[in-house]
Ligand SMILES: [Zn+2]
């Protein structure tokens, strides 16, 4: 048994003071500090939070890379490095996100992830895959490579339906929603609209047929026009979950509050869409086989197209809090309980509750990460 003392513990709706968090690989309880005396003597490790927040670990449903590595490298070294680097940002779980590349490259990445998921993580746990493309629309390809975009085809994903948790696709490329229906019938994969030029009506139909998520809402999708509401209109007018890159570059921060007001705080999920250059300095990098230039924390292709981000998830949460006026319990949920609920793993992860895995982060008022614990094991200390 281990314990965290002197922390302000963020539970779903409130912050608990004067409690000690007892844990092993799972959370064992919260007891009054005064009553803890003898129990603490039996603890093999006591972490002093020194008055800082004790938060549920963050889950990033959309991340391509960090620290010089990318999921598409298809190597164990790459996954191990990404997993330990993002832990420094308070991330305890990720969906390894692929890019639109050729079939072999995607399969190599997927085989590598499958193999890695069986191992004990030294950082954030890889909870599965977010397959971004290749069934997208060229018009909104963003930084996805044009030549590898193909028509939706169930046989393409068949071998990997156990590890794919989310798929980004353009529903207008799927004739009569055949692929969407087949995926919903045969798998538990969450279908996400993104890199899409769908008309409002097409997007609404896609939702009726099983699309339940939107990939980096507002970015790389047909925008909202009052006579032509597009994918954005359909996302805002439904109860599907929506990802947001809250870096103040991909979307104006005024949008944070608009989105939270329309969708409610239960349906917004903060992601990073971080690429290889995440957690590195400005310079030249790469994404999905294309050259990317990083300047002032902004990643762009040579033609100026935004290409992923170098955002850290702890900063995204802080940004969202600063521009919406929500309290810390509410904003932390956007990167913990909300993604856990959508992934169907909320019984095990996503909040600090007895019986759930001890995925825990200690952070200060500025969201600097001081310690990250994954399934009870400390993987990062500042
Ligand atoms: Zn992406």
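Listed values, structure above:
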read-out: Search result, residues across the stretch 219-239 that are touching a helix residue (DSSP H, G or I) at 6+ places or on another chain (Cβ under 7 Å) and in contact (Cβ under 8 Å) with a residue 40 or more places away in the chain; value: 220, 221, 222, 234
read-out: All positions within the stretch 150-179 that are under 22 Å from the mean Cα position of the chain (by Cα) and away from the ligand (no atom under 16 Å from the Cβ); value: 157, 160, 161, 162, 163, 171
read-out: Residue list for the stretch 257-288, restricted to those being within 14 Å of the ligand (Cβ to nearest atom), over 17 Å from residue 339 (Cα atoms) and outside any strand (DSSP E or B); value: 275, 276, 277, 278, 288
read-out: The stretch 322-336, subset in contact with a strand residue (DSSP E or B) (Cβ under 7 Å, 6 or more places away or on another chain) and surrounded by fewer than 22 Cβ atoms within 10 Å (Cβ to Cβ), residue farthest from residue 246 (Cα to Cα); value: 329
read-out: Qualifying residue in the stretch 127-148 (condition: outside any helix (DSSP H, G or I) and away from the ligand (no atom under 16 Å from the Cβ)); value: yes
read-out: Residue match in the stretch 28-36 (condition: closer than 16 Å to residue 361 by Cβ and in the same structural domain as residue 372 (by TED's automatic domain parsing)); value: no
read-out: Selection from the stretch 204-256 of residues that are assigned to a loop (DSSP other than H, G, I, E, B) and either outside the structural domain of residue 165 (by TED's automatic domain parsing) or buried (at least 24 other Cβ atoms within 10 Å of the Cβ) (or both); value: 215, 216, 217, 220, 222, 246
read-out: Top-ranked residue in the stretch 66-82 [being surrounded by fewer than 21 Cβ atoms within 10 Å (Cβ to Cβ) and away from the ligand (no atom under 16 Å from the Cβ); ranked as nearest to residue 311 (Cα to Cα)]; value: 67
read-out: Residue match in the stretch 14-24 (condition: in contact with a helix residue (DSSP H, G or I) (Cβ under 6 Å, 6 or more places away or on another chain) and modelled with pLDDT under 95); value: yes
read-out: Condition check for residue 158: within 30 Å of residue 77 (Cα to Cα), part of a helix (DSSP H, G or I) and modelled with pLDDT under 95; value: no
read-out: The stretch 60-75 residues that are assigned by TED's automatic domain parsing to the domain that holds residue 166 and within 11 Å of residue 101 (Cβ to Cβ), paired with ones that are assigned to a strand (DSSP E or B) and within 16 Å of the ligand (Cβ to nearest atom) (beta carbon under 7 Å, 6 or more apart); value: 71/65; 71/96; 71/97; 71/98; 72/98
read-out: Hits in the stretch 169-191 - residues which are in a strand (DSSP E or B) and touching a residue at least 60 places away in the same chain (Cβ under 8 Å); value: 190
read-out: Filter pass, residue 109 being modelled with pLDDT of 95 or more, buried (at least 24 other Cβ atoms within 10 Å of the Cβ) and within 16 Å of the ligand (Cβ to nearest atom); value: yes
read-out: Subset of the stretch 341-356 that is in contact with a strand residue (DSSP E or B) (Cβ under 8 Å, 6 or more places away or on another chain) and more than 14 Å from residue 22 (Cβ to Cβ) - its residue that is surrounded by the fewest Cβ atoms within 10 Å (Cβ to Cβ); value: 348
read-out: Candidates 94, 85, 63 - the one that is closer than 23 Å to residue 269 by Cα, crowded, with 22+ Cβ neighbours inside 10 Å and away from the ligand (no atom under 16 Å from the Cβ); value: 85
read-out: The stretch 291-301, residues that are in contact (Cβ under 8 Å) with a residue 40 or more places away in the chain and more than 13 Å from the ligand (Cβ to nearest atom); value: 297, 298, 301
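The values are calculated or read from the model by the stated rules, or taken from the named source; none is laboratory data. Because the structure is a prediction, the values reported are computed rather than measured. Backbone-built Cβ (ideal geometry, glycine too); neighbour counts: all protein chains shown.
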